[in-house]
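Heads up: the structure comes next, in structure tokens.
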Amino acid sequence: MRRPAVLTALLSLGLVAAAAAQDAEAEAAPPRCDVVLLEGDAAQPVFVRMTDQLFARGGAFESWCEERGTSPRSALRATTLAELRTRADASFALVRDRIDTLLEQGQLAELRRFWIVNGFACEATPQAVRALVELDAVAFVHLQSQPGFVQHRNGERRERWLEERAIDEATALAHVAARSPEGELTLDGVEIPWNLQRVRAEHAWREGATGTGIVIALHDTGLCAAPPLLDALWRNPKETLDGKDEDGNGYVDDLFGWDFVGDTRFVVGDGARSHGTMCAGIAVGRPYGEPRTITGVAPRAQVMVLRGMGHLRAYEYAALMGADVLSLSYMWVDVELGSYRGVFRTAHEHLAACGVVAVGGAGNFGRSSPPGRQIALPKDIPCVIAAAGIVESGLAAPQSSRGPCTWDEVPFFHDHPPDAPLAKPDVTGCFGVFPVWHWTSFDDDRRLEVRWDDGKGFGLIVGPRGNSFAGPHAAGIAALMLSANPELTPWRIKSLMESSCLDLGDAGRDTTYGEGLLQADAAVAAARAAKVE
């Protein structure tokens, strides 16, 4: 049967309209990459995010946690680690042929795969980016916009640096080999500084929570080889110094952690300004010096040292090697990270699902950055515990960063727009001017009290300050809570830590103190009372 001419014309107009609508929709749809990657001809550093993520977008992590309720952390760690790695392998298998072709053509280079976020990092030309976004297995191609390094390339360590670190490593090995089991914490004759008293750490210790059995991964600059810290140093039980990768984790002779900057095993030893040494002492420092002084919130926890801040491989190492807490000492303030922020949010949500509590200082930008931009990545991620800081008077340090934060206009994350921002900081610790371990020549041009010196230039100093010090207070209290109840998941640790704080501002959570001042004994009591099934 022939169609009437009028019907044929109408159908034709309908097809044209439908095609026009499709073209308009295609033009309106945002590209699945940062548009700057399509400009010019030069290759740029990218992170290729695959579609198959455990948590693909905002809200998925929270729903997953709610479904698992009171599940034990150890079981979730085992299953999540396996699932993340399986997903990454399966996704890469789907694109391997196309990737191999692009590598052969020189359109991609220096490719390095990841599983803490299902994806890979590399150098990519605009032509390669166009090819990648056409693949169904690829969700987005991000420009790597973190300052100072790229995820797929290692730096180089100078020969002098390597020689010095080898000496430090030998000192650490000898110390660890000779150390005896620590036994119970004894406080007789031990001086407890004001910051530990303020967060009521001593009360938690006396109730039996000292951090025993818990590993804090220090994501920082390194660690000086000094007794109060070497007594706390984590030792990889499966590795010996023999040039072999006995545990099969891809890192040869990773005795105490790994240097992700230079891709070396050397994490013990640091320079004249050792940020990591001070932070480690606040988290795990043992009683030492004269008079014997305890500096660690969790003085029986161990410290795994991860040198190189912001490297995603460090996150993978912490999860794979059994870290319980990740103490973060980096923050990218006033850096336009763009869509790349979402990669780190996914990494932290996956890390939490692997059983690792992430904590860090909220920042020192209360005077220098505008409201809403003072707490930056990674402390602006919902599942990361961000700690503000008070001075000895009990008031907020003027430099302490204030919240809130937003997650809007970031691909896959639109759950905290400006009119409903993310409440930050989460908790409050102590800002500084209390005893920390370091080289005693730390700061010759500023007021500095040397409380004790070992005669070799290392000792207990008072004077340094910053919210980098508030973070290790929270890391230590997380370790105390886990030593009291090891099966608590990171999101329950965060919730119980917050609910046990001492309110400092207006009633309830605020953008200066979060939920308030950390209270170790109350947090431990809450952890002990929490059920795991």
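For the peptides 340-352, 180-192, the ranking by mean Cβ contacts within 10 Å, running from highest to lowest, is 340-352, 180-192.
For residue 494, go through the lysines and keep the ones whose alpha-carbon is under 24 Å away, minus same-chain ones fewer than eight residues off. Candidates past the 8-residue exclusion: 379, 424, 531. Helix 275-284 and the long axis of the chain differ in direction by around 70°, with both axes built from C-alpha atoms.
Ignoring aspartates and glutamates fewer than eight residues from residue 244 along the same chain, the ones with Cα atoms less than 16 angstrom from its Cα are 253, 254, 263.
Summed over qualifying helices (DSSP H, 4 residues or more, each -39500 (n - 2.57)) and divided by its residue number, the chain shows a 222 nm mean residue ellipticity of -10500 deg cm²/dmol. For residue 419 and residue 127, the difference between the fully extended length at 0.36 nm per residue and the C-alpha to C-alpha distance is 101.3 nm.
Model label points for residue 167 and residue 249, set 7 angstrom from Cα along the Cα-to-Cβ axis, are 2.8 nm apart. When only Cα pairs below 8 angstrom with a gap of at least 6 residues are kept, the chain shows a relative contact order of 16 percent.
Shape class for region 242-339: oblate, because the ratio a/c of the largest to smallest gyration tensor axis (alpha-carbon atoms, square roots of eigenvalues) is 1.5 or more and b/c is at least a/b.
Residues of region 286-313 with an amide N closer than 19 Å to a point placed 7 Å from the Cα of residue 528 along the Cα-to-Cβ direction: 297-301.
Toward the positive end of the charge dipole of region 99-211, with +1 on the Cβ of Lys and Arg and -1 on the Cβ of Asp and Glu, the farthest Cα among 185, 133, 166 is that of 133. Summing Cβ point charges (Lys, Arg +1; Asp, Glu -1) relative to the Cα centre of region 35-143 gives a dipole of roughly 460 debye. Taking a ≥ b ≥ c as the square roots of the eigenvalues of the alpha carbon gyration tensor, region 35-143 is prolate, as a/c is not under 1.5 and a/b beats b/c.
If both residues of a DSSP beta bridge must be in the chain, then about 55% of such bridges are antiparallel. The packing ranking of peptides 478-491, 244-257, highest mean first, is 478-491, 244-257, where packing means the average number of other beta carbon atoms within 10 angstrom of each residue. Our estimate of slack between residue 63 and residue 89, defined as 0.36 nm per intervening residue step minus the Cα-Cα distance, is 6.9 nm. Other residues with beta-carbon under 15 Å from the beta-carbon of residue 452 carry, at +1 per Lys or Arg and -1 per Asp or Glu, a net charge of -1.
Rounded to the nearest 20 debye, the dipole size of the chain about its Cα centre is 520 debye, using +1 on the Cβ of Lys and Arg and -1 on the Cβ of Asp and Glu. Using a Förster radius of 41 Å, what is the FRET efficiency between residue 97 and residue 506 based on their Cβ-Cβ separation? Nearest 0.05, please. With R0 = 41 Å, the Cβ-Cβ based efficiency is 0.10.
Only Cα pairs under 8 Å and 6+ residues apart enter the sum, and on that basis the relative contact order of region 35-143 stands at 50 percent. Note on residue 273 and residue 158: the extension gain reaches 39.6 nm, defined as 0.36 nm multiplied by sequence separation minus the Cα-Cα distance. Taking the charge dipole of the chain about its Cα centre, with +1 at Lys and Arg Cβ atoms and -1 at Asp and Glu Cβ atoms, the residue from 347, 306, 70 reaching farthest to the positive side is 70. Between rounded, prolate and oblate, where does region 474-533 land on the alpha carbon gyration tensor, with a ≥ b ≥ c its root eigenvalues, rounded for a/c under 1.5, else prolate if a/b exceeds b/c? Prolate shape, in that a/c is at least 1.5 and a/b is the bigger ratio. One entry in (i) 70, 57, 44; (ii) 104, 56, 50; (iii) 89, 58, 38 is Cα extents along the principal axes in Å calculated from the shown coordinates; its label is (ii).
Every number in this text was worked out from the coordinates using simple rules, so none of it is lab data. Computed from a predicted structure; not experimentally measured. No Cβ is skipped: glycine too gets one built from the backbone with ideal geometry, and neighbour counts run over all protein chains shown.
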